[in-house]
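Colleague: One structure, pasted below without further comment.
The values are calculated or read from the model by the stated rules, or taken from the named source; none is laboratory data. Not measured: the values here are computed from a predicted model. All Cβ positions, glycine included, derive from the backbone under ideal geometry; neighbour counts span all protein chains shown. Heads up: the accessible areas ignore ligands, DNA and RNA and are worked out on the full protein's heavy atoms, side chains in. Shrake-Rupley method; radii C 1.70, N 1.55, O 1.52, S 1.80 Å.
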Amino acid sequence: MTKILACIDTSPYANSVCDLTAWAAHRLPSSVEVLHVVQRKSAVQERHDRTGAIGLGVKSDLLEDLTRIEEAQGKLAIEAGRVLLDTAAERLRATGIHDLTLAHRHGGVVETILEREEECDLLVMGNRGASAEFAIAHLGSKIERVIRASKKPILIAPSDIGDIKKVILAYDGGTSAKRALELMASSPLFENLELHVVFVGEDNEQHRIMLANAHQHISESGHSLTTSILHGSPEPVIAELMDSTDDTMLMMGAYGHSPLRNLIVGSTTTSLIRMVAKPILLIR
């Protein structure tokens, strides 16, 4: 039996992470571990402390006050985490998910997720992190670090899941895209869903043969599949396609180029996660 790691925080995406987890868990089927990480923060740092110019005695008193505030905040964060996990468990159980464990951890968010994923087959995360309301146009740094470092498939949950009836695989013939195609052919996650493979680029014989091979592979697995070639740049074309298609999940390979190249010219993966307001399944 497979296991899903659902990563939640205090962002508005916690509910959609639970809903997408339930959708996947029923299809696989799978047990679920819900993870929340309390990351230690410094009250001094959060308040941009400027006490260096204050007298020693006054400074000591202020630091003691800040330490007490930090301890109180830590206790509040722990209690908030317990409430968050209990609420997530209640939401999942309401969908019929009962093979469920709750994990409340302290430490680095990215490091803890990567540690827990060793025991899991699929990760589910929100499209944004706890600072979502301040970063509407950006992908959270912690989320991107997890995606780049993870070795497991990752489901990215938008703010609203909706009903998933169709899967569009953005296919370029690369290594991660071929892994995504293989998963599409073999996993029960895709049973009874409408499957479509799209290539964005020049319509030529090479690309038509590539899609024909993909079609044959999926057909041999017993699934029906449609393919298409769309002209243009991948990011805007795929984003527009997803925006115009209801009840759809995007599937694609993640970070096909080196981190250095991505720093210089950007990343299609990062751009599409930011632009697409639908569930996204990333395959490394």
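Colleague: Tally up the residues in region 159-205 that are of a type in the set (Asp, Glu) and either outside any loop (DSSP other than H, G, I, E, B) or closer than 15 Å to Ile238 by Cα (or both), please.
Modeller: Within region 159-205, the subset of a type in the set (Asp, Glu) is 160, 163, 172, 182, 191, 194, 202-203, 205.
Those still in the list that are either outside any loop (DSSP other than H, G, I, E, B) or closer than 15 Å to Ile238 by Cα (or both) too: 172, 182, 194, 202, 205.
Qualifying residue count, region 159-205: 5.
Colleague: With the condition kept exactly as written, say whether any residue in region 17-33 is at pLDDT below 90 and in contact with a Ser or Thr (Cβ under 6 Å, 6 or more places away or on another chain). Show your work before the answer.
Modeller: Kept after step one, since they are at pLDDT below 90, are these residues of region 17-33: none.
The answer is no; no qualifying residue exists.
Colleague: Still on this structure, I have one more. Looking only at region 98-113, which residues are open to solvent by 60 Å² or more (accessible area, probe 1.4 Å), modelled with pLDDT of 90 or more and not in a helix (DSSP H, G or I)? Let's see the steps before the verdict.
Modeller: In the first step, residues of region 98-113 are kept if they are open to solvent by 60 Å² or more (accessible area, probe 1.4 Å); the result is 98-99, 101-102, 105-106, 111.
Now restrict to residues that are modelled with pLDDT of 90 or more: 98-99, 101-102, 105, 111.
Listed by number, the residues that qualify are His98, Asp99, Thr101, Leu102, Arg105.
Colleague: I would also like to ask the following. Output the number of residues of region 138-158 satisfying the condition of being under 21 Å from Asp121 (Cα atoms) and either acidic (Asp, Glu) or part of a loop (DSSP other than H, G, I, E, B) (or both). It would help to see each step written out before you state the result.
Modeller: Restricting attention to region 138-158, the residues satisfying the condition of being under 21 Å from Asp121 (Cα atoms) are 142-158.
Retained after the next criterion (residues that are either acidic (Asp, Glu) or part of a loop (DSSP other than H, G, I, E, B) (or both)): 144, 150-153, 158.
So the answer is 6.
Colleague: Additional query: For region 217-230, name all the residues that are modelled with pLDDT under 95 and surrounded by fewer than 17 Cβ atoms within 10 Å (Cβ to Cβ).
Modeller: Once the filter is applied, which keeps residues that are modelled with pLDDT under 95 and surrounded by fewer than 17 Cβ atoms within 10 Å (Cβ to Cβ), region 217-230 yields Ser219, Glu220, Ser221, Gly222, Ser224.
Colleague: Which one of the conditions (1) outside any helix (DSSP H, G or I); (2) modelled with pLDDT under 95 does Glu118 fail to meet, given that it meets all the rest?
Modeller: (1)
Colleague: Quick check on region 65-83. Is at least one of its residues in contact (Cβ under 8 Å) with a residue 60 or more places away in the chain, touching a helix residue (DSSP H, G or I) at 6+ places or on another chain (Cβ under 8 Å) and among the small types (Gly, Ala, Ser)?
Modeller: no
Colleague: If you scan region 1-15, which residues turn out to be in contact with a helix residue (DSSP H, G or I) (Cβ under 6 Å, 6 or more places away or on another chain) and not in a loop (DSSP other than H, G, I, E, B)?
Modeller: The answer is Ile4, Leu5, Ala6, Cys7.
Colleague: Just checking, does region 221-236 include any residue being under 18 Å from Ile156 (Cα atoms) and touching a helix residue (DSSP H, G or I) at 6+ places or on another chain (Cβ under 7 Å)?
Modeller: Of region 221-236, the ones under 18 Å from Ile156 (Cα atoms) are 235.
Filter once more, so that each one left must be touching a helix residue (DSSP H, G or I) at 6+ places or on another chain (Cβ under 7 Å): 235.
Among the residues of region 221-236, at least one is under 18 Å from Ile156 (Cα atoms) and touching a helix residue (DSSP H, G or I) at 6+ places or on another chain (Cβ under 7 Å), which makes the answer yes.
Colleague: Shifting gears a bit: What number of residues within region 75-97 satisfy the criterion of being open to solvent by 50 Å² or more (accessible area, probe 1.4 Å) and within 12 Å of Val32 (Cβ to Cβ)?
Modeller: 3
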